[in-house]
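FYI, it's all coordinate maths here, none of it is from the lab. Not measured: the values here are computed from a predicted model. All Cβ positions, even for glycine, are placed from backbone atoms using ideal geometry, and neighbour counts span all protein chains on display.
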Amino acid sequence: MIRRLTATHRVGHGGTLDPFASGVLPVFLGLATRLVEYHMGDDKAYRATVCFGATSETDDRDGELVPGARPGPTREAVEEALAGFRGRIQQRPPAYSALKVGGRRAYQLARQGRSPELAPRPVTIGRLALVEWDGSDPERPTAVLEVECGAGTYIRSLARDLGERLGCGAYLGALMRTASGPFALSASYSLDDIRRAAAGGPDTLAGLLLPVDAGLEAIPQALLTGPEVTAAARGQQVKPTYRPTLEQGARVRLVTDDRSLVGIGSWKGGRLVPEKIFVPAPPPAGSGATASAQGEVTTGATRPTEPRLRVVDTQNRMAVASGISALGADAGRLYVAVGVFDGLHRGHMYLLRELRRAARDAGARPAVITFDAHPEELIEGLAPPLLCDPDERLVRLQAAGVEVTVVQHFDHALRITPYEGFVAAIRERVDLAGFVMTPDAAFGFERGGTPETLAALGRREGFSVKVVSSFLSNGEQVRSSEIRRLIAGGDLSRARRLLGRSHGFSGRLASGDRSGGVPLIFELPVSLPPTGRYEAVVGPSWRPGRRAEPASMAAVAAVLEGQVRLELTAAPSADEVRVVLLGPVRDGLSLA
């Protein structure tokens, strides 16, 4: 709902609430989603109603209730029992929880009648007080508890264990989270508050927002000077003028003299190492020349031509299969990487290099399984804008040395397919040598196919899993979502560094009125920068089986509200074109 009301695609939250619970839920928008990880370990506070004299299979009121073996306790007995739950204790999570057991959610197994084995784990309860008591029904009394605890504590388990300690059974009847870290219920907004603010317009809605680093006051600050901010924004390590007093490896907030957040970093060897940056990097200083990640150089007198596509194996004739079911024994022995591969950015190219190496060592062919639609379109109802046209994606995969590419249809049936079924479908048709994955990669229902679960399956069924470290740029993993954010914010320079090339897109030139430029029609949503005019080069679109010609025709791409018009120096040879953006139009630029 917040994503819709704020027209913000990137929205995250700081801790799941049970379906029947209410209270504080920190919500992070846009850039702030990159800080969610620093709040997941926040302490929590709750007001919980515990009902004695019965048990529930879900440990709360949503499950079927079974009367306890003994009458309900007295208030004095409950207060005495609470002492055993304060401090550092071992707690067994509820059977109906989102924890994973063998790659499956515990609640999924429980609903199938299979009792998941969940080992007790340490949790901390700092405060536990009985604040209300209702003994009007001695057989089924209720208590209201105030709980302050560390992350990972289950209040349902606390109610269940309290009932077991007293011998009468208990379950959680109601739950309100009164605080999540520094965020308190008294300073929160209801859903109706947010709806009313959205109806009042963007300024009213923005008035509800806290600063991006709200709640991170416990992380120490390091003050940066102007040149140091510039260096940090470019991802460079900084030896600060104002040296902080920190332990080696400590996390630190990087701030300006007015305490605006620059980013999050760490203190290592007398230097500040940027990890997450929240300000755009300025263009390199100099005579007005700018350099790209691929060595393109622009000056006031020279316009660049897009570099030729780098081809790993000029003899490669990549086979393309329309789905796993289209594979056959003639595909040979395959070593596989699974992913969307939108954009084929530097992280993807690194993974494909490792795929080629793993395939070579296993006597197999490097293969990719990708999808005809982005999974987010089915899962979230909104497809992210593309960084790479689907046909261009195939061209770049072939150039990267992939010998077999499977374009799998992504639908609800595939979404709920367990990873074991996904692997079995591949092994039924080809000789599977293995998978190459990064540590955080996963596929299959509920992302059950992790490197660990696949490796265990491979040991049983005879294929291997090669886990390679994630590709980092300036200490942070390169992600398509971050590149989209940079492009949407107009930071084409930083997007270029992560992509490894200038951002481009494909479209069809519209016929009819071309006054003020030629409209470009897109088959699929593409990543576009903000409204403005951008220097560009234009060339023929890339298609499998056709030579990938670099874009070289000078043009200006005028972007307005998600639409693009091209100001061209001449008519292209075809209506299907690629547009490669170089940067904002410089003052005085003429296409004449």
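Report, to two decimal places, the Cα Rg of region 138-256 normalised by 2.2 N^0.38 Å (N = number of residues).
For region 138-256, the normalised Cα radius of gyration is 1.69.
With a cut-off of 8 Å between alpha carbons and a minimum separation of six or more residues, what is the relative contact order of region 319-470 in percent?
Value for region 319-470: 31 percent.
Positive end of the dipole of region 455-556, charges at C-beta (+1 Lys, Arg; -1 Asp, Glu), about the Cα centre: which of 528, 510, 548 has its Cα farthest in that direction?
Farthest along the dipole direction, towards plus: 548.
What are the radius of gyration and Dmax of region 406-481, computed over its Cα atoms and given in Å?
13.7, 42
What relative contact order, as a whole-number percentage, does the chain give when Cα pairs under 8 Å and 6 or more residues apart are counted?
Working: 1189 pairs, mean separation 61.7, N = 592.
Once divided by the residue count of the chain, the mean separation gives 10 percent.
For region 490-584, restrict the atom set to alpha-carbon positions and state the Rg and Dmax in Å.
12.7, 38
Can you tell me the mean projection area, over all orientations, of the convex hull of region 319-470's alpha carbons? Units nm², please.
Numbers: hull surface 32.5 nm².
Result: 8.1 nm².
For region 221-277, compute Rg over Rh where Rg is the Cα radius of gyration and Rh is the Kirkwood radius from the inverse mean 1/r over Cα pairs.
Details: Rg = 9.6 Å, Rh = 10.7 Å.
Over the Cα atoms of region 221-277, Rg/Rh equals 0.90.
Run the dipole for the chain about the Cα centre, Lys and Arg Cβ at +1, Asp and Glu Cβ at -1, nothing else charged, and hand back the magnitude in debye, nearest 20.
The dipole magnitude comes to about 1780 debye.
For Cα pairs less than 8 Å apart in space and 6+ apart in sequence, what is the mean separation divided by the residue count of region 1-214, i.e. the relative contact order in percent?
After rounding, I find 31 percent.
So how far, in whole Å, is the C-alpha centre of region 183-215 from the one of region 514-583?
Cα centres, region 183-215 to region 514-583: 39 Å.
Search the structure for amide H atoms under 5 Å from the amide H of residue 582, placed 1.01 Å from N in the peptide plane, and list their residues when 5 or more places away or on another chain.
The list, which skips near neighbours in sequence, is 535, 536, 537.
Per 10 Å bin, what is the whole-percent P(r) computed from every C-alpha pair distance within the chain?
Going out from 0 Å in 10 Å bins, the chain shows 3, 13, 20, 23, 20, 12, 6, 2, 1, 0 percent.
Sort 239, 466 so that the residue with the fewest other Cβ atoms within 10 Å of its own Cβ comes first and the one with the most comes last.
With the sparsest Cβ surroundings first, the list reads 239, 466.
Return 355, 25, 327 ranked ascending by Cβ neighbour count within 10 Å, so the fewest neighbours appear first. Don't skip to the end; give the middle numbers.
On the way: 355 26, 25 15, 327 21.
Lowest count first: 25, 327, 355.
Testing the spin-label approximation: label points 7 Å from Cα along Cα→Cβ at residue 196 and residue 61. State their distance in nm.
With each label point 7 Å from Cα toward Cβ, the separation is 2.6 nm.
Mind checking the full-extension length gain between residue 446 and residue 523? Use 0.36 nm per residue of separation minus the Cα-Cα distance, one decimal, nm.
Values: separation 77, 0.36 × 77 = 27.72 nm, distance 3.02 nm.
Between residue 446 and residue 523, full extension yields 24.7 nm more.
So which trypsin sites (Lys or Arg not before Pro) in region 392-457 pass both tests, a DSSP loop state and at most 14 other Cβ atoms within 10 Å of the Cβ? Write down the numbers at each step before the final one.
Values: sites: 393, 396, 415, 427, 429, 447; in loops: 429.
Counting only loop positions with at most 14 other Cβ atoms within 10 Å, none of the trypsin sites (Lys or Arg not before Pro) in region 392-457 qualifies.
With θ taken as phi - 60° and the coefficients 6.51, -1.76 and 1.60, list the Karplus ³J(HN,Hα) couplings across region 160-177 in order, rounded to whole Hz; mark glycine and proline as x.
4, 5, 5, x, 5, 4, 8, x, 10, x, 7, 8, 8, x, 7, 8, 10, 7
Kirkwood hydrodynamic radius of region 1-214 from all distinct Cα pairs, in Å?
About 18.8 Å for region 1-214.
Please give the net charge around residue 407, taking every other residue with its beta carbon less than 12 angstrom from that of residue 407, where Lys and Arg add +1 and Asp and Glu add -1.
Counting the neighbours of residue 407, the net charge comes to -1.
For residue 464, what residues show an amide H to amide H distance below 5 Å, using hydrogens built from the backbone and excluding near sequence neighbours?
Under 5 Å from the amide H of residue 464 lie the amide H atoms of 434, 435, each far enough along the sequence or on another chain.
Residues with amide H under 5 Å of residue 473's amide H, sequence separation 5 or more or different chain, H placed in the peptide plane at 1.01 Å from N; which?
478
Restricting to lysine pairs 8 or more places apart or on different chains, what number in the chain have Cα atoms under 24 Å apart?
Count of close lysine pairs: 5.
Give the percent of DSSP beta bridges with both residues in the chain that are antiparallel, rounded to the nearest 5.
Around 75 percent of the beta bridges assigned by DSSP in the chain are antiparallel ones.
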